1. How much length, in nm to one decimal, is gained on full extension between ILE291 and LEU401, taken as 0.36 nm per residue of separation minus their Cα-Cα distance?
2. Packing-wise, with mean Cβ within 10 Å as the measure, how do 382-388, 306-312 rank, highest first?
3. Calculate one ³J(HN,Hα) per residue across the range 191-205 by plugging θ = phi - 60° into the Karplus curve 6.51 cos²θ - 1.76 cosθ + 1.60, and present them in order as whole Hz with x for glycine and proline.
4. Here are some pairs, LYS73/LYS206; LYS289/LYS356; LYS73/LYS149; which of them have Cα atoms lying more than 21 Å apart in this structure?
5. Just to be sure I understand the model, the point goes 7 Å from the Cα along the line to the Cβ. What's the resulting PHE205 to TRP358 distance in nm?
6. Which length gain, in nm to one decimal place, applies between LEU306 and GLN174 when the Cα-Cα distance is subtracted from 0.36 nm times their residue separation?
7. How many nm is it between the label spots at PHE153 and LEU100, if each spot is 7 Å from the Cα in line with the beta carbon?
Amino acid sequence: MTFTKQRFFKNFAFYTFFAFLNRGMSFLLIPLFTRFLTPEDYGIYALFLTAVLISEPFITLCVHDAIGIVYYKQEQFNINAYVSTFMFFCAGTILFQMMLIGSVLLAKPFGVILPTVFLLAPLVAFSYTMLYVLGLMWQLQETPIPFGKFNLFYTSSRLSLQMIVVAVLSGGWQGILWVQSILAVITILLGFMFLRKNGWLSLCFKWECLRYGLKFGVAFIPNAVSTRLNESIGRLLVGQKFDLSQVGIYSAGHKMGGIMGVYNQAFLMAYRPWILKKLSGDVRQERLKIILSVGFAFASIVGFALVGSLGMYMFSGFVLGENFEKSVVFVFWAVSSYSLHGMYNVVSLFIYQTGKSWILSLLTMTTVSVNALFTWYFLQAFGLIGAAYAPVLAWAFTLALAIAVAVKLVKSRF
């Protein structure tokens, strides 16, 4: 079967349209933040997001990351039982993590006083997981229209609420975090409703599903944490060496470069079900198509990186306010690192399909180690811009390593 018969390009075009429509609306928040927030406020907001992203893997233990494999093993697992078991499992881990954060808030270790809203970080983190599971459900069922509608609702609601809180009510970073918490609750409730409607959720808990999920997920946790740390290591180390205003400057530039991440995500949404289905069948008959698909993926990522960088520079004056004009120098490097990360995501699907999650964890742990080492060194050698160089080198190294590993794993099947 070709890409066309599998509706690959149709789904890819749809996902890309909605991804950029949603992110285009999200990008309106950047000029809003850069005009109504101080760099210090934006720095606090960026650090909160870092805490949320790191929190998520320890709520889910990455059990949900095996859904793409389980879906094509219906003879072994029922997708309804697997997802239902996962949701009940998360209910317990969320409560545990909230109690843990509450004890930290009361203890005030080392004299550090954390905002009370940090108690809701696990809830916000789980809402991101819910978005992922819903998106995966619609991708695997090849029904992108509900996915697009839901994401449009989510993004427009977030944009509207944050505009009101920041621009009208002058709520500052506190208001933004409370909006995210309220929206998280709404997202989780709607998520339960859609999962049940699509037959993916019921009052069901099966230990064999949890055992399989934990076997895959626990080995996958280092991968998830490392991936998030790779996104955040720059902010964390910049925050150690510079003040919060510099964290805000760096984060705003990195956020603009995130336009490349939108394209990567849209491409992967269409490509993941296609390649997983191919790898689950007779690989030898599909060898040429699979190889050509990887070449097409790499070429499209590079092409968009060039166009995206140019577009971001052309509109940087509109997006960035006077306080954040120095952020523009980080855009090219952010786009470059996102591009290499996108290529890695394509190659990692070949490793993911084998179920060897520990290999993916080793790869991303290597990435975050190299990233941290280079970031620390480059900050000393080049100043703030050094934080932008490191992830480019780290992802280039990991991509080369991942290609070598994937070739070795699938060579016998080809």
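The numbers here are math on the coordinates, done by the rules we state, and not lab data. Bear in mind that the values here come from a model prediction, so they are computed numbers and not experimental data. Cβ placement follows ideal geometry from the backbone for every residue including glycine, while neighbour counts extend to all protein chains displayed.
1. Numbers: separation 110, 0.36 × 110 = 39.60 nm, distance 1.77 nm.
Length gained between ILE291 and LEU401: 37.8 nm.
2. 382-388, 306-312
3. Using θ = phi - 60°, the values come out as x, 4, 5, 5, 4, 5, 5, 8, x, 9, 8, 7, 7, 9, 9 Hz.
4. Numbers: LYS73/LYS206 16 Å; LYS289/LYS356 24 Å; LYS73/LYS149 29 Å.
In this structure, LYS289/LYS356; LYS73/LYS149 lie more than 21 Å apart at Cα.
5. In this crude spin-label approximation the distance works out to 2.9 nm.
6. Extending this stretch completely gives an extra 43.9 nm.
7. Modelled inter-label distance: 3.2 nm.
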